[in-house]
Amino acid sequence: MPEPSICAGVFRYPVDVTWGDCDPAGIVYFPRFFEKFHEAMERWFGDALGQPYDALIMERKLGLPSVHTEADFQAPCRFGERLVVELRVARLGRTSIDLNYRVFVGCDAEAESIRLRGRTVCALMDLDRQSPTYARALPWPDDLRARIEAFGVSSEPTPS
């Protein structure tokens, strides 16, 4: 499996469709894409931002629960295909982040190869049970905000 790639505000995460992703007809069951979005986001933190996601949670006690997610499906994905989940930052708020996704087959995200578009909004949350702000949204720490801004915020339109 190829490694993820990073280029000018775009993170591409390749995934192979396994039988466990599919319904009996061999078509990817739609909730699996929300898992793929989250997997891409986790890898993006480590590979593009230099902040491994497990350390964000376990050491820094910060979490990123999804508070909104959506997807528009254009064509089915099937067992055995190699997909690419492309992540772009659409907006970086004070305590949240909007991530746009495109899922396509092949090496290029040409219009005819795009299978779906998605969007997830995550809130940065305090996971430290000892903190007075436990389970509440927090402002982005300066180092993470700077890394996300350096990665780039996309001018691509948000899917509707």
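Just so it is clear, none of the values below were taken in a lab; they were calculated from the coordinates. Being a predicted model, the structure only gives us computed values, none of them experimental. So basically every Cβ, Gly included, is an ideal-geometry build from the backbone, and we count neighbours across all protein chains shown.
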Taking Cα atoms, the helix 31-47 axis meets the longest principal axis of the chain at an angle in degrees (rounded to 10) of 50
Taking the Cα atoms only, what angle lies between the long axis of helix 142-151 and the longest principal axis of the chain, rounded to 10 degrees?
30
Per residue, how big is the convex hull of the stretch 1-126 when only Cα atoms are used? Give it in Å³.
114
Calculated FRET efficiency, Glu3 and Arg136, Cβ-Cβ r, R0 35 Å, to nearest 0.05?
0.45
The stretch 113-148 and the stretch 8-70: distance between their alpha carbon centers, rounded to Å:
14
Once normalised by the length of the chain, the mean sequence separation of its alpha carbon contacts under 8 Å that are 6 or more apart gives a contact order in percent of 25
Tell me the label-point distance for the pair Thr95, Phe34, using the 7 Å Cα-to-Cβ offset, in nm and rounded to one decimal.
2.2
